[in-house]
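Single-structure report; data block below.
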Amino acid sequence: MKQRYLIYIVLTLCVLLIIPIIVIGRAFRMDLIPDKGRNFGCATCHINPAGGGAKNSFGIDWQNIAIPRGDRYVPELANRDSDGDGFTNDEEFNANTHPGNSNSKPAPAFILGDVNGDKNITSADAILALRFAAGIIIPTESQKRAADMNGDGQIRSNDAIAILRKAARL
Ligand SMILES: [Ca+2]
Ligand SMILES: [Ca+2]
Ligand SMILES: [Ca+2]
């Protein structure tokens with residue numbers, strides 16, 4: 001009986017001691033990443049959202065680049081594209097997207113009205129928008145945003161007209 005109590009006491013002590021260490025450890029590292037873990041928590045570095053275990057590509061880079069430099073988010077890590085989605089880790093943190101998940105990335109830049117992306121707003125953009133409106137062509141995500149002049153989430157003929165007005169500087 002006595003032995004059993006001893007085991008319970010030891011186990012309880014272990015749990016009481018280990019849990020704070022884990023929590024403090026996580027909170028401490030969370031504080032070191034640019035968004036303080038606000039966006040993705042433990043999943044910023046770990047595949048398991050509860051933390052621990054296998055790391056994602058950003059977590060692996062953190063381990064290989066940040067930890068040897070005193071656990072710091074150094075420029076080398078900031079300028080790296082850990083998940084290979086075309087955006088640096090810094091760009092991802094600034095856009096609140098995930099630096100270790102290539103499916104999460106900043107929206108591509110666009111100029112409102114420049115539907116074909118040639119940096120000019122012309123009647124060609126209006127015609128393209130009309131084609132989207134008529135369902136003849138399916139726009140890409142950035143084309144959709146560039147064509148949606150009134151920002152209602154739809155592309156209609158009134159967007160095409162607004163583009164024409166902009167092209168003609170009316
Ligand atoms: Ca990236
Ligand atoms: Ca990403
Ligand atoms: Ca254009």
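Selection of the stretch 57-89 for residues being in contact with a helix residue (DSSP H, G or I) (Cβ under 8 Å, 6 or more places away or on another chain) and of a type in the set (S, T, N, Q) yields Asn79, Ser82, Thr88, Asn89. Just one of (1) outside any loop (DSSP other than H, G, I, E, B); (2) hydroxyl-bearing (Ser, Thr, Tyr); (3) modelled with pLDDT of 95 or more fails for Ser82. It is (1).
The residues of the stretch 91-128 that are crowded, with 18+ Cβ neighbours inside 10 Å, at pLDDT 95 or above and more than 10 Å from ligand 3 (Cβ to nearest atom), listed by number, are Glu92, Phe93, Thr97, His98, Pro99, Gly100, Asn101. Within the stretch 32-47, identify whether any single residue is among the polar types (S, T, N, Q) and either at pLDDT 90 or above or within 15 Å of the chain's Cα centre (by Cα) (or both), and answer yes or no. Looking for residues that are among the polar types (S, T, N, Q) and either at pLDDT 90 or above or within 15 Å of the chain's Cα centre (by Cα) (or both), one finds at least one in the stretch 32-47, hence yes. Exactly one condition in (1) modelled with pLDDT under 95; (2) more than 16 Å from ligand 1 (Cβ to nearest atom) is false for Ala54; which is it? With (1) modelled with pLDDT under 95; (2) more than 16 Å from ligand 1 (Cβ to nearest atom) applied to Ala54, the lone miss is (1).
Within the stretch 74-90, the set of residues being closer than 22 Å to Asn48 by Cβ and crowded, with 16+ Cβ neighbours inside 10 Å comprises Leu77, Ser82, Asp83, Asp85, Asn89. The C-beta contact set for the stretch 106-126 (first residue under 30 Å from Asn39 (Cβ atoms) and assigned to a loop (DSSP other than H, G, I, E, B), second residue within 16 Å of ligand 2 (Cβ to nearest atom) and acidic (Asp, Glu), distance under 8 angstrom, 6+ apart or interchain) comprises Pro106/Glu91; Pro106/Glu92; Ala107/Glu141; Pro108/Glu141.
The values are calculated or read from the model by the stated rules, or taken from the named source; none is laboratory data. As the structure is a computational prediction, the values presented were derived from the model and not from experiment. Here the Cβ is made from the backbone with ideal geometry for all residues, glycine too, and neighbour counts use every protein chain on show.
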